[in-house]
Each structure stands twice: as structure tokens, then as C-alpha cells.
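The next block holds one structure in the form of C-alpha cells; read it before the comments.
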Amino acid sequence: MLVMTAAASFAMATAMAVVRPEAREGVGLWALALVLHGSCYALYALRGQIPDAASVVLANTLLTGVFALMLAAVEQFHGRPLPWWRMALPVALGLLLFGWFAGDYRARQIIVGTLGPAQLALVLWALWRPLAPAQPRGAWLLSASVLAEVLLMLGRGALALSRHMDNAGLLQISPTQAAVFVLAFVTIILASLGLLLMTKDRADAANRHLASHDALTGLANRRTLVQALARDMAHAVRIRGPYALVLLDIDHFKTVNDTRGHRAGDQVLRHVAGVLAARLRRQDLPGRYGGEEFLVLLPGTDLAGALQVAETLRQAVQDTPCPQPDGPIAVTISLGVCAARPHAPGCGEALIDAADRALYAAKQAGRNRVQHGPAPECPADAG
Ligand SMILES: Nc1nc2c(ncn2[C@@H]2O[C@H](COP(=O)(O)OP(=O)(O)OP(=O)(O)O)[C@@H](O)[C@H]2O)c(=O)[nH]1
């Protein structure tokens, strides 16, 4: 069983190194912990055949190193590097105690039963603080495994303390000992899968965000806007409620690119996105519709409300120049507004076309202004 646990640890470490070779989210540190874990159990298995300094002192000290690396891995997952001394401290303490009590199996069980749970409690603390991971299923699996290991070590420590454990040693075959090794085998695998699941869930969430948001401004991208509009239309048709759109475009943006450079142009786009997002209600959805054009969806808003929102946005952009190292860039926007009480799902496209025409009118009228058009005719067959 000891050899199997060692082999499983090495195999799991290899799998983790292969599955996520970038190893930036604690996976590399966790794989290293598994290598130490495998080495520790390999040394346990050689008890009696190699000097006790290796099979007792080194093996048990390696176990404190395993838990220290697990803590470092979880901290790294959360983007908090663990100072080296916090890793070294329990290892140094372990080396001292296991060296001192090298000949006393019961005393060593008491040390493992106190130092190990204390280290693993820190792992759990680091895992859930200050906030639970957004997708907690991997963290739950890891926590349950770590908790089982903690209970196991506490139980063995308590048995040793109450002298209900004879001093025969690690390789004594007993049902308790066998259960302990099976549980240790299972928990290390489940805990490792828990961490892998955490990194996978995080990567999936990042991919979903990438697919639905504009990489430059962080706002919703065109695809998300179109999907949200279709969903909103169905809702607005059902409740026969008002719905409005604002299509806006940065004025003379080409001049910004030409005179201040493309990088400054990108910063102006980010800046305008920030101003829009800061001024809107939670239920409104601003997004980048293309190039230097933004679309704002305003559910439950009539024309008067939409004109008010558009004017607030225009004023806010005008009042907030984009800060740059070589001097702020004054920015203005032109806005086209359209509102309707949609009666057919196909009204969304008609609304965008109408807002586009209003935006064109705003540009023609001199820019830095809001224009609105009449409520559009929706496709007759769509409702
Ligand atoms: N920096 C940067 N520029 C972009 C991006 N997307 C589009 N553009 C530029 O936006 C500019 C749009 O220019 P035009 O369509 O002529 O519009 P404009 O200069 O704003 O003029 P008006 O809209 O009529 O006021 C072009 O120069 C595009 O290259 C981007 O992601 N980053």
C-alpha cells in the first residue's frame, strides 16, 4: 500500500505537469508536493532496509514539506505568493522534532497528529479566504479530501496520546494501519483532482468571458449585444413594454489615431468605455459594436428616458478628457437614439437601423450631439 501510494503520487505529479505545463496557478507547486509525497511514501516503504535517518527523519520531514508546498500552491492559485520562510518554517520544525524523537514511534505520531493538521488547516484557510472561488466544486473536493486527512492524522495522534497504539511501528499490519494508508492514498488523489478542477473551471470562465467581451475595452462584444437584444425583444414583446437603444460613435477618432498614435487611440476607446459603464444602470448593457462605435441597450426605457441617458453620456464624455502622458485628449461623441414598444421579435434589427440613421444625422448636424429618429416599422410577419 505504501508503494502504491508512492506510485500514485508520482503518476499524479506527472499527469499534472503534462496537463497544465504552464503551471502558473499552483499546479506546478502542487505537482512538486506530489513528488515529495511519493518520495516520502517510498522512504516509508523502505523502513528497516535503509537507515532510520532516511526512512524516519527525512520521510516525516518531507511530509511537512508536502503540506507547505500545498499551501504555497493554493496561495499561488489565488495570486498570492507565499514567502519562502513560511514554507521553510514548518519543515525546519519538523526536521528538529522528528530528529529528536527518531526512536519513538508514538511520539512521532503525536507530532504528525498536531503539526500536519495545523499545516492543512492553513491550506483550507488559504483556499476559502477572503472569498470562495467563483466555481467552488473543485475547492469543495479539495477541502473534503484535506479534511479527511486532517481527521485521520488527528485520530492517529489522539490514539498515540491515549496510548491505545502500540509502539511497534509503521510496517505493523493492522486493520487500522491499512485503513489509514488506503485513506491517505485516496485523499491525495482526490485533493489533486480538486485543484485541477479549480484551474479548469477558472480557465473555462476566462474563455467564456473572452468569447463574450471585447478584449480592448472589456465591454460586451457585438455577439453578446446581438444575443442580449434578441432576448430583450422577446421579453419586451411579451410584456408590451418600451425598449430603447443608443448607438454612439467617437467624433474625429481617425484624427486621434493619426496625430497621437494608435496606442493613444486604443486608450481613448478604453476611456470612453469606462465613462459609459460608470454612468449606466445595472440593467443597461453597453457594448462595443465595432471600431469606435458603441451600442447601449436600455430595456424598459421610453424615448424621453433614452434621450436623457444619451445626453448624460454625451456630457460625461465631453467633461472627462482622456488622460495621456503628453497631455489629455479631449473627446466628444455623437449619439443616435431610437425607442419603441416592440410587437415582434424582429424589431431589434429595425431599432438598430433607426438608431444608426439618427447617429448619421447627429454627425451631419455637427457632431457632439444627440439625435433621435421615429419608432421603426417592425417586420409585419415577425409577430
Ligand atoms: N486605435 C484604434 N483605432 C480603431 C480601432 N477600430 C477602429 N479604429 C479606427 O477608427 C477610425 C474611424 O474613423 P472614421 O470612420 O473615419 O471616423 P472618425 O474619424 O471618428 O470621424 P467621424 O465618425 O465622422 O467623426 C479609423 O481610423 C479606424 O482605423 C481600434 O480598435 N483601435
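The values are calculated or read from the model by the stated rules, or taken from the named source; none is laboratory data. Owing to the predicted nature of the structure, the values given are computational and were not obtained by experimental measurement. Neighbour counts are summed over all protein chains in view; Cβ atoms, including those assigned to glycine, are modelled from backbone coordinates with ideal geometry. All accessible areas refer to the heavy atoms of the entire protein, side chains included, with ligands and DNA or RNA removed. Shrake-Rupley method; radii C 1.70, N 1.55, O 1.52, S 1.80 Å.
General observations
- Residue in region 328-348 that is of a type in the set (S, T, Y), modelled with pLDDT of 95 or more and surrounded by 17 or more Cβ atoms within 10 Å (Cβ to Cβ) present: yes
- Breaking point among (1) surrounded by fewer than 17 Cβ atoms within 10 Å (Cβ to Cβ); (2) within 11 Å of the ligand (Cβ to nearest atom), for R288: (1)
- Contacts under 8 angstrom Cβ, first residue in region 247-260 being within 6 Å of the ligand (Cβ to nearest atom), partner part of a loop (DSSP other than H, G, I, E, B) and open to solvent by less than 20 Å² (accessible area, probe 1.4 Å), 6 or more apart: I250/V331; D251/V331
- Residue in region 38-92 that is modelled with the highest pLDDT, counting only those that are open to solvent by less than 10 Å² (accessible area, probe 1.4 Å) and within 16 Å of A7 (Cα to Cα): V66
- Answer from A304, A361 - the residue that is open to solvent by 60 Å² or more (accessible area, probe 1.4 Å), out of contact with any Leu (no Cβ under 8 Å at 6 or more places or on another chain), among the hydrophobic types (A, V, I, L, M, F, W, C) and in a helix (DSSP H, G or I): A304
- All conditions in (1) in a helix (DSSP H, G or I); (2) surrounded by 18 or more Cβ atoms within 10 Å (Cβ to Cβ) hold for E25, with the sole exception of (1).
- Evaluation of R270 against (1) away from the ligand (no atom under 12 Å from the Cβ); (2) open to solvent by 70 Å² or more (accessible area, probe 1.4 Å) (one fails), failing number: (1)
To keep it simple, each residue is scored yes or no on (1) more than 21 Å from R260 (Cβ to Cβ); (2) in contact with a helix residue (DSSP H, G or I) (Cβ under 8 Å, 6 or more places away or on another chain); (3) buried (at least 18 other Cβ atoms within 10 Å of the Cβ).
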{"position": "A310", "(1), (2), (3)": "yes, no, yes"}
{"position": "C322", "(1), (2), (3)": "no, yes, yes"}
{"position": "I352", "(1), (2), (3)": "yes, yes, yes"}
{"position": "A355", "(1), (2), (3)": "yes, no, yes"}
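- Residue satisfying condition, being assigned by TED's automatic domain parsing to the domain that holds G113 and in a helix (DSSP H, G or I), within set L82, L97: L97
- Checked against the criterion of being of a type outside the set (F, W, Y), in the same structural domain as R260 (by TED's automatic domain parsing) and either more than 15 Å from L303 (Cα to Cα) or within 13 Å of the ligand (Cβ to nearest atom) (or both), the candidates P342, P376, P323 yield just one match: P323.
- Considering residues of region 231-246 that are among the β-branched types (V, I, T) and more than 16 Å from the ligand (Cβ to nearest atom) only, the residue least open to solvent (accessible area, probe 1.4 Å): V237
- Filter pass, L154 being in the same structural domain as G79 (by TED's automatic domain parsing), of a type in the set (A, V, I, L, M) and either open to solvent by less than 30 Å² (accessible area, probe 1.4 Å) or farther than 16 Å from I111 by Cβ (or both): no
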